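A.B. asks: The structure follows.
None of the figures in this text is laboratory data; all of them are computed from the coordinates on show. In this text, all values refer to a predicted model and were calculated from it rather than measured experimentally. We place every Cβ from the backbone using ideal geometry, glycine too, and count neighbours over all the protein chains shown.
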Amino acid sequence: MNPKEKFVRESRTVKSSVVLPPDTNNHGTLFGGKLMAYIDDVAAISAIRHARCNVVTASTDSVDFLHPIRVGNSVCLESYVTWTHKTSMEVFVKITSENLFTGERKVCAVSFLTFVALGEDGKPTPVPKAVPESEEEKWLHQGAEERAVNRRKRKESSKKLAEEFGTQKPWEF
C-alpha cells in the first residue's frame, strides 16, 4: 500500500453506551443534542486515526432522527472515513439503538461530517487517500464526490445568509 493511502477500515471507530435518565428529555428519549455531540466525538476519532494529526469539524450534514433512542437502551455509534480530498475527509456515522432485554436493534440515525486535517502550524495539511474495501465502503465512497459538491453549494448559501443577516444585535431585527 502506498504510504499516501489508507484503508477505510483503519479509521473505523465504535462507541457504545447505555442511555441513562440524565441523557433524556421529557419523553424518555435521548436528547438530540447529546446524540449530536456523540456523533462529532466518534467522527473526530475516525478522522484523527486516518490523518494522524489534529482535525477540526468543517461541516455536519443533516442528522435525521429515524427512531427514538429510549432510556435503558444502548446506543452504538460506528464511524469511518469514507472519502478524502486534499486536506479534508468525509466521515460516515451510523447510529444504532438496542433494547438490551429483547436484542431488538434499529438504525436510528446516519450522518456525514467533514473534517479538515491541521498541521503543527495550525493550517490545513494533506491527508492520505481513503481506500474502500467492503461493498458498503465502496458504495459510500462512490457517492462522496456528489455529497461534497452539495456541501459546497450549501456552504455558499450559508455564507449568503450570514452576509444578509450580519451581526445585528437581537433588538435591531
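A.B. asks: Can you list the residues, at least 5 places off or on another chain, whose amide H is less than 5 Å from the amide H of C53, using H built in the peptide plane?
C.D. replies: none
A.B. asks: Report D for the chain in µm² per second (integer): Stokes-Einstein, Kirkwood Rh on Cα pairs, 20 °C, 1.002 mPa s.
C.D. replies: For the chosen part, D equals 122 µm²/s.
A.B. asks: When we measure straight from the Cα of K160, which lysines land under 19 angstrom away, once same-chain ones fewer than 8 places off are left out?
C.D. replies: K169
A.B. asks: Also: So if R0 is 35 Å, what FRET efficiency would E78 and E120 give, r being the distance between their Cβ atoms, rounded to the nearest 0.05?
C.D. replies: It comes out at approximately 0.70.
A.B. asks: Name the residue farthest towards the positive end of the dipole of region 26-173 from the options W83, H67, T167, assuming +1 on Cβ of Lys and Arg, -1 on Cβ of Asp and Glu, about the Cα centre.
C.D. replies: Checking the options against the dipole of region 26-173, the answer is T167.
A.B. asks: Still on this structure: Could you give the length gained by full extension between H85 and E104, i.e. 0.36 nm per residue of separation minus their alpha carbon distance, to one decimal place?
C.D. replies: Values: separation 19, 0.36 × 19 = 6.84 nm, distance 3.76 nm.
Length gained between H85 and E104: 3.1 nm.
A.B. asks: Would you mind computing, in nm to one decimal, how far apart the modelled labels at E136 and L20 are, each placed 7 Å from Cα along Cα→Cβ?
C.D. replies: The answer from the label model is 2.9 nm.
A.B. asks: Right, next: For M36 and R12 in the same chain, what is the full-extension length gain: residue separation times 0.36 nm, less their Cα-Cα distance, in nm? Write down the numbers at each step before the final one.
C.D. replies: Working: separation 24, 0.36 × 24 = 8.64 nm, distance 1.83 nm.
My answer for the length gained is 6.8 nm.
A.B. asks: May I ask which of K15/K123; K6/K106; K34/K155; K6/K34; K86/K129 have a Cα-Cα span longer than 19 Å here?
C.D. replies: Correct reply: K15/K123; K6/K106; K34/K155; K6/K34.
A.B. asks: Another question, if that's okay. Can you compute 3J(HN,Hα) from phi for each residue in region 14-21, using the Karplus curve 6.51 cos²θ - 1.76 cosθ + 1.60 with θ = phi - 60°, rounded to whole Hz and x for Gly and Pro?
C.D. replies: 10, 9, 10, 7, 8, 7, 9, x
A.B. asks: I would also like to ask the following. How many angstrom separate the Cα center of region 5-74 from the Cα center of region 119-165?
C.D. replies: What the calculation gives is 18 Å, centre to centre.
A.B. asks: Suppose a student asked you for the relative contact order of the chain, using Cα pairs under 8 Å spaced at least 6 residues apart; what percent would you report?
C.D. replies: 25
A.B. asks: Follow-up question, since we're still on this one. Identify which of P68, P132, P21 has the largest mean-square fluctuation in a Gaussian network model of the chain, with springs joining Cα atoms closer than 10 Å.
C.D. replies: In the Gaussian network model the winner is P21.
A.B. asks: Please build a GNM for the chain, connecting alpha carbons under 10 Å apart, and tell me which residue among H27, H67, H141 fluctuates the most.
C.D. replies: H27
A.B. asks: Sequence-distant or interchain residues sharing an amide H contact under 5 Å with T24, placed H: which?
C.D. replies: Excluding prolines and chain starts, which carry no amide H, the hits are F31.
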